[in-house]
Amino acid sequence: MRAKSIALLISLLAAGSMSAQANDWEFDANLGWDNKYVSEGRNNLDKGGIVWGHVGASKNGFNLFADVGRGDQEHYIEYNIGASYAFEVESLGVEAGYMRVEEYPDRPASYGEYFLNLDYSRFAWLTPTVNYLYHDKNKGSFLTVGLESAWDLTERLSFTPYAAQSWDYGYALENFSGENNFQFGVNLDYEVNANWSINANLNRSIAGESIKQERIREGKDFAEINQTFGGVYVNYTF
């Protein structure tokens, strides 16, 4: 299955390359590893991390993307495919889209997410962000409001600390509305050349009431309820 996943990414990469050359699409791909698979403040795997592969294409604000994730110690595979449209109004960036998620083998088989991302870039040193998700199977939503600040350490190396507060409205935990988690961290980006770049990130998530209530409902204690995690990614664009 690992070989099939890699072959799929290579096929998408080749198809995207030909499409980009023929139709002036911008193309991107990356391959990376996270030491934990953390989303919505929760560690989704019992052990180990996850390897991700991504391909995407964009033209005139329209974006297509596909992702494959595979656990490095646990038998878990995830496929994501989606589309979005992005535009900017003065200093306000807007992106809206839909993503289909397929998970194997033991988690819910499939669901869809609608998403809306906003960022306000008027001030180079501080960017407010808003991210909204809607889960079409759980009929719940998830809201994150954050701040990030990008700093150029050299011509090629940038440093971006961030902090974000999230709220869960039935997205991650059924019949719950309230605080989910507070997360902060830092991204390091190094531009190798015009096409290649490397990203490293380190993050800390502090559990809120949604995660605590989930543990209580499952009869679990609060051990390792806060998460520290990071990853490294290699990116290619043209």
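Bear in mind that the values in this text are calculations on the coordinates, not laboratory data. Worth saying up front: this structure is predicted, and the values here are computed from it rather than measured. Neighbour counts are summed over all protein chains in view; Cβ atoms, including those assigned to glycine, are modelled from backbone coordinates with ideal geometry.
Straight-line reach only, C-alpha to C-alpha below 19 angstrom: list the aspartates and glutamates that residue 139 could link to, leaving out same-chain residues fewer than 8 apart.
Straight-distance partners of residue 139: 40, 102, 103, 113, 168, 174, 179, 214.
To the nearest 0.05, what FRET efficiency results for residue 147 and residue 75 with a Förster distance of 30 Å applied to their C-beta separation?
Here the calculated transfer efficiency is 0.20.
Roughly how many nanometres apart are two label points built 7 Å out from the Cα toward the Cβ at residue 190 and residue 110?
Each label point lies 7 Å from its Cα, and together they span 4.1 nm.
Between residue 86 and residue 163, what is the label-point separation in nm under the 7 Å Cα-to-beta-carbon projection?
So the label points at residue 163 and residue 86 sit 2.6 nm apart.
Comparing 145, 186, 89, which has the greatest mean-square fluctuation in the GNM of the chain with Cα pairs linked when under 10 Å apart?
Residue with maximal mean-square fluctuation among 145, 186, 89: 89.
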